[in-house]
Amino acid sequence: MKSTPKILIIDDEEIVLDSCTHILKSSGYQIITAHDGMTGVETMKQENPDLIFVDLKMPGISGLEVLEKIQEYDATIVPIVITGFATVSSAVEAMKKGAYDFLPKPFTPDEMRLITRRAIDKRKLVLETIMLRKEKEMLREQFAAIVSHELKSPLGAVQQSLFGLVSDLEETLSEAQKNKIQRLQSRISDMIKLVNTWLRAISVDISTIRENFGPTSVAETIAKAVESCQPHAIRKDISIKTSLKQPLATVNGNEVTLVEALVNIIGNAVKYTQMGGQVAILAKAEGNNVLIEVKDNGVGISAEDLPHIFDDFYVGKTKPENERRSGVGLAITKRIIEAHDGSITVDSELGKGSSFVIQLPIPK
Amino acid sequence: MEQTKVLIIDDDPDYVDGIKSILNKANYHVDVAYNPKDGLAALKSEAYGLLLLDIMMGRGAEGVMVARKINKDPKLREIPVLIITGIREQMAFLFPGQPVHPHLLPTDALLEKPVDPGILLEKVDALLKEAAGKKSKGA
């Protein structure tokens with residue numbers, strides 16, 4: 001906000017405009033006026049005021065319509081309605097339409113100054129919030145870049161040196177020594193993977209996913225995701241059963257990220273299910289949506305964890321044996337599904353298993 | 001058999017050293033340039049069978065600049081190039097979920113750092129064969 005707040009007053013009565021201008025000018029605001037709704041809206045677009053006082057009852061377009069236009073144009077502008085005593089109920093209506101406050105006629109200069117001061121504070125807060133949000137977004141991106149460079153490259157350099165060392169010393173090292181180096185390498189490799197997962201969590205940017213949307217086969221997406229989880233399932237003797245109710249529609253999306261989302265869910269199902277368990281995938285069209293359900297008879301999710309499982313870096317209480325968790329898989333999944341205008345829900349009971357349902361809209 | 005000459009252009013000595021060991025062991029002759037300028041000079045003064053090119057060097061993606069210069073030179077662009085880079089994650093920003101390979105040159109492949117020895121040798125071998133195939137077709 002500029003140092004001098006700009007206030008637009010829209011009223012058909014000359015005397016109201018004059019007195020308002022007089023009252024507010026002495027408090028150091030810049031005042032612009034308009035005689036009717038249409039001119040007011042035009043003036044708003046040219047001047048971008050911080051505050052708009054608008055009379056509800058005017059010839060031409062009404063104050064309520066002006067309110068709608070303000071909302072459409074810039075929702076951060078703070079609108080206040082001026083209204084006669086008889087129309088308090090319409091003032092309430094105006095508040096519902098986004099007016100910040102109302103000023104009943106007749107009003108004293110002090111009343112008007114008070115309302116103005118409060119509204120200006122409100123405007124400041126709104127602008128500050130937007131700025132903070134932008135800053136947060138920027139920090140997130142910067143953080144991603146910093147993590148990438150400052151953590152990844154030295155870790156990678158260490159790993160590369162170890163590769164070189166093993167190569168140099170292959171004939172000289174004893175088995176025990178080779179084993180030690182291998183353990184070093186495996187720990188470093190885990191760290192690099194972790195950094196990559198974090199980066200992935202930070203860098204899943206909804207707008208960039210949407211850029212390469214196209215017709216995507218649900219059946220194929222599921223098949224690819226299952227294929228990628230199969231080795232892990234086989235190791236744990238878990239059967240993954242897929243049943244698709246044909247015909248399955250094509251959705252508008254990005255196959256790579258959809259597969260990733262499904263791999264996270266199916267992978268979790270495998271991870272959190274005991275040896276010899278079962279994972280079932282069901283898919284069908286229902287109304288305007290495709291439903292994909294991933295069900296397991298694994299350890300389940302406790303009631304206290306359930307509301308948080310889609311949060312970034314959340315790691316629940318139920319711990320799978322010998323499995324690694326980063327706490328970002330489901331958060332990424334949710335973001336991917338939401339980028340596809342879909343939704344994901346979960347139902348689970350401790351000890352009984354979990355069921356995740358993904359809903360994706362079928363394009364018309 | 002005569003050794004194949006390989007040039008590495010990378011500004012990080014730790015990576016260079018690690019990669020060089022692996023290639024030396026596999027009987028390649030390895031030269032190193034630690035910046036794009038020396039790298040291009042080396043390419044022009046000697047005949048290399050393969051180039052290993054880092055992307056993020058100096059102040060930014062200077063490796064891309066090197067690739068462009070090579071591409072403009074009718075003789076140099078015949079050299080197969082293995083791009084070795086740690087920036088896949090940043091590039092994935094633009095193409096979520098996809099392993100990104102920008103295909104900067106006629107014969108190139110991409111490996112993410114750190115480079116696993118087995119995969120490195122496999123790719124180097126494949127690239128050399130691909131380039132030899134193209135050469136015999138052209139002749």
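The values are calculated or read from the model by the stated rules, or taken from the named source; none is laboratory data. Nothing here was measured: the structure is a model prediction, and the numbers come from that model. With ideal geometry, Cβ positions are generated from the backbone for all residues, glycine too; neighbour counts draw on all protein chains shown. Each accessible area value is taken on the protein alone, full model and side chains, heavy atoms only, with ligands, DNA and RNA left out. Shrake-Rupley method; radii C 1.70, N 1.55, O 1.52, S 1.80 Å.
What accessible area per residue comes out for the stretch B:5-136, rounded to a whole number of Å², with a 1.4 Å probe?
47
Return the whole-Å distance between the Cα centroid of the stretch A:8-64 and the Cα centroid of the stretch A:228-257.
61
So for the pair residue A:190, residue A:242, with labels modelled 7 Å out along Cα→Cβ, what separation do we get in nm?
So the two model labels end up 3.2 nm from each other.
Considering only Cα-Cα distances, which of the following residue pairs are longer than 26 Å: A:136/A:334; B:20/B:72; A:136/B:113; B:72/B:129; A:178/B:129; A:180/B:5?
B:20/B:72; A:136/B:113; A:178/B:129; A:180/B:5
So how strong a dipole does the stretch B:1-81 carry about its Cα centre when Lys and Arg Cβ are +1 and Asp and Glu Cβ are -1, to the nearest 20 debye?
Its charge dipole is roughly 380 debye.
Would you mind telling me the antiparallel percentage of the DSSP bridges in the protein assembly as shown, rounded to 5?
Taking every DSSP beta bridge within the protein assembly as shown, about 40 percent pair in antiparallel fashion.
Label-point separation (nm) for residue A:357 and residue A:180, each offset 7 Å from Cα along Cα-to-Cβ?
Distance between label points: 5.7 nm.
Taking Rh as the Kirkwood radius computed over C-alpha pairs, what is the Stokes-Einstein D of the stretch B:1-94 at 25 °C in a medium of viscosity 0.890 mPa s, expressed in µm² per second?
Answer from the Stokes-Einstein relation: 180 µm²/s.
To check you understand DSSP bridge types, tell me what percent of the beta bridges within chain B (both residues inside) are antiparallel, rounded to 5.
5
At 0.36 nm per residue, minus the direct Cα-Cα distance, what do residue A:25 and residue A:113 gain on full extension? Give it in nm, one decimal, please.
So the extension gain works out to 30.7 nm.
Between B:27, B:35, B:71, which gets the highest mean-square fluctuation from a Gaussian network model of chain B, Cα cutoff 10 Å?
Looking only at B:27, B:35, B:71, the biggest GNM fluctuation is shown by B:27.
Less than 20 Å from a label point 7 Å out along the Cα-to-Cβ axis of residue A:252: which backbone N atoms in the stretch A:266-306 qualify, by residue?
Answer for the stretch A:266-306: A:285-292.
Along the charge dipole of the stretch B:5-136, which of B:52, B:118, B:107 sits closest to the positive end, that is, farthest toward it, with unit charges on the beta carbon of Lys, Arg, Asp and Glu (+1, +1, -1, -1)?
So the residue furthest toward the plus end is B:107.
Lys pairs in the stretch A:203-303, Cα-Cα under 17 Å, at least 8 apart or on separate chains: how many?
Within the stretch A:203-303, the lysine pair count is 10.
Chains A and B: how much accessible area gets covered up at their contact, both sides added, probe 1.4 Å, in Å² to the nearest hundred?
The A and B chains share an interface burying roughly 2100 Å².
If you take all C-alpha pairs in the stretch A:225-346, what percent of them are over 23 Å apart?
Beyond 23 Å sits 30 percent of the P(r) for the stretch A:225-346.
Kindly give the semi-axes, whole Å and largest first, of the ellipsoid equivalent to the protein assembly as shown, taking each as the square root of 5 times a Cα gyration tensor eigenvalue.
Three semi-axes, in Å: 59, 33, 22.
Can you give the angle from 0 to 90° between the axis of helix A:14-25 and the longest principal axis of chain A, with both taken from C-alpha atoms, to the nearest 10?
The helix A:14-25 is inclined about 60 degrees to chain A.
Which percent of the accessible area of the protein assembly as shown is formed by carbon and sulfur heavy atoms (probe 1.4 angstrom)?
The value for the protein assembly as shown is 55 percent carbon and sulfur by accessible area.
Starting from the Cα of residue A:6, draw a straight line to each of the lysines and keep only those under 21 Å, dropping any in the same chain fewer than 8 residues away.
Leaving aside lysines fewer than 8 places away in the same chain, those within reach of residue A:6 are A:25, A:45, A:69, A:122, A:124.
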